[in-house]
Amino acid sequence: MSILTIFRRELKSYFAQPTAYAIIVIFVLLSLGFTFTFGDFMNVGDASLQFSFFFWHPWLYMLLAPAIAMKLWSDEQRNGTIELLGTFPVSTWAAIVGKFLAAAAVSLVALVLTFPIVITVNYLGEPDNGAIISGYIGSFLVCCTFIAFTMLVSACTRDQVVCLIVSVAICTLMVLCGYDPVTRELAKATSPGTVEAIVAFSVWDHFTSLNRGLLRLQDAVWFAGFISLCLVGTSTILSAKRA
Amino acid sequence: MIEVVKLSKHFGSKVAVDELSFTVQKGEVLGFLGPNGAGKSTTMRMVTGFIPPSSGEARICGISITADPTEAKKKIGYLPESAPLYNDMTVIGFLKFCAEIRKLSGSAKKDAVERAIETCFLGSVAHQSIDTLSKGYRHRTCLAQALLHDPEVLILDEPTDGLDPNQKYEVRQLIKRLGETKAILFSTHILEEVEASCTRAIIVDRGRIVEDGTPAELIAKAPHGSLTELFRKVTTSDTAA
């Protein structure tokens, strides 16, 4: 299968360079570090990872997910290998999905390596492990959303730095615009309808409900819809660039 | 094997390729000559399915590149002008990846990669990282990926560009040998390659064919029997007013 071939190549490429290792180490160190410092995990005494651990993930992903995905199409365009890919008997769609899955796999490795906190909270208390699993799923989906968006931006430019800056900016907005203190300020400035429209773009609502162990249909639809839209958008941009 | 029928490409108001038509049969090696900017690479990119034509058709072994690109691309081995490669892979790793993309597996994949390495004299660098290779080896690695699946059609964009005289000779001999059983279209600026490797040649200028014939016919037409003179006569220089 072409998707698998491209996935394997892209994954090998990630781990042949320092990028993936750096991002994984930074994510693990910061997420666990924040849990015990700003998250005040030990003192709060709550056998739940929702506020001390998972809370930091969107903030970390808005910076790190673009770092993972920025090279996906920018590199191909800069090196000229897009001409190889474009003339192989492989659909653009297979290449897009293969690359997306490789970037998602890198973020999955980073997430899995935070397992010590799960062992810790199970040792210290009796957490709801179902909620923890659901929280990990939510975290992974948030990262995939940001990766998909960054991939869309990387199809637009050969310059990785431009891709990084634009993606970080938009991902930051997606995190901020649903964050409670921000929505409260927004509510003072504009109508409830506008606030609701802005909040619809944010990951918080969907991430938080998964954190609590709730997978609602609207969450699945939001994540699947947004990711699909970005992948289809990537395909459109790549076709348009060649036309 | 390669049929191009009134192929055109416009970039905005600029006409890069203007109703180009030609065919290349099995056993033919067609040299594609022309000044820079004449539309050679653009034509090749359309024939290989990388960019869509503005109008016209290209068929590979009877399969339309626009209607059924995946099937048509299976029949083509393409060497792009810039010989692009993945710098973070080794030569053998890259060729294995290309073989897998071509749906080769197991011993077929292993044999195809070994054959390509042998044909392109990459044995001494097979396990080296691509970013450490010299230009000649990079070019040959990219040529090797075009040969992996033993395609019926080869489309080579300036295959001897930047190679030293020895390497140029080897590549020309290879093209001549492969041309006996395949349909080959290759572009070049080097007019002596026309006589060395081609069974036919066309000269394009500003997107249109201006000359078409066997090397002997072109030389017969040429002032003082020089292909360079013929080239200069039928094409416009970009320094012309």
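Laboratory data are not the source of any read-out in this text; all were calculated from the coordinates shown. What you see is a predicted model; the values in this text were computed from it and never measured. Virtual Cβ from ideal backbone geometry, glycine too; neighbours counted across all protein chains shown.
Observations
- Residues B:Arg206 and B:Lys233, FRET efficiency given R0 of 25 Å [Cβ-Cβ distance, rounded to 0.05]: 0.95
- At R0 = 51 Å, FRET efficiency that the Cβ-Cβ distance of B:Tyr169 and A:Ala16 yields, to 0.05: 0.90
- Summary of the geometry: region A:179-232 and region B:77-98, compared by the centres of their Cα atoms, lie 43 Å apart.
- Over all projection directions, the Cα-based convex hull of region A:102-233 averages an area of 9.8 nm².
- Chain B: C-alpha gyration tensor shape, a/c 1.5 cut-off, then a/b vs b/c: prolate
- Among B:Asp212, B:Asp205, B:Asp157, B:Asp111, a tally of other beta-carbon atoms within 10 Å of each Cβ gives an order, fewest to most, of B:Asp111, B:Asp212, B:Asp205, B:Asp157.
- Stretching the chain fully between B:Ser13 and B:Glu114 yields a gain of 31.7 nm (0.36 nm per residue, less the alpha carbon separation).
- In this label model, A:Phe201 and A:Phe115 are separated by 3.9 nm, measuring between points 7 Å along each Cα→Cβ vector.
- Degrees, to the nearest 10: A:115-124 long Cα axis against longest axis of chain A: 10 degrees
- Panel note: the C-alpha atoms of chain A, placed on their principal axes, show extents of 58, 45, 31 Å (largest first).
- Sequence of B:Met1, B:Met46 once ranked by neighbouring C-beta atoms within 10 Å, starting from the fewest: B:Met1, B:Met46
- Projected label points at A:Ile137 and A:Ser228, each 7 Å from Cα along the beta carbon direction, are separated by 1.8 nanometres.
- For region B:21-63: rounded, prolate or oblate by the Cα gyration tensor [a/c cutoff 1.5]: oblate
- Centre-to-centre separation between the Cα atoms of region B:105-119 and those of region B:1-34: 32 Å.
- Neighbouring partner chain Cβ atoms per residue of B:82-94, average, 10 Å criterion: 4
- Taking every residue in A:75-87 and counting other chain Cβ atoms within 10 Å of its Cβ, the average works out to 6.
- Paramagnetic reach from A:Ala243 (point 7 Å along Cα→Cβ, amide N under 20 Å) across region A:65-94: A:83, A:86-87, A:91-94
- Max mean-square fluctuation residue, GNM over chain A, Cα-Cα springs under 10 Å, options A:Phe53, A:Phe115, A:Phe34: A:Phe115
- Projected area averaged over orientations for the protein assembly as shown, convex hull of C-alpha atoms, nm²: 28.3 nm²
- Annotation: for a label point projected 7 angstrom from Cα along Cα→Cβ of A:Leu214, residues of region A:137-161 with backbone N closer than 20 Å are A:137-142.
- In this Cβ point-charge picture (+1 for Lys and Arg, -1 for Asp and Glu), region A:2-242 has a dipole of about 760 debye about its Cα centre.
- Order of B:Tyr169, A:Tyr136, A:Tyr61 under a 10 Å beta carbon neighbour criterion, fewest first: B:Tyr169, A:Tyr136, A:Tyr61
- In the elastic network of chain A, a GNM with C-alpha springs shorter than 10 Å, the most mobile of A:Ser134, A:Ser228, A:Ser191 is A:Ser191.
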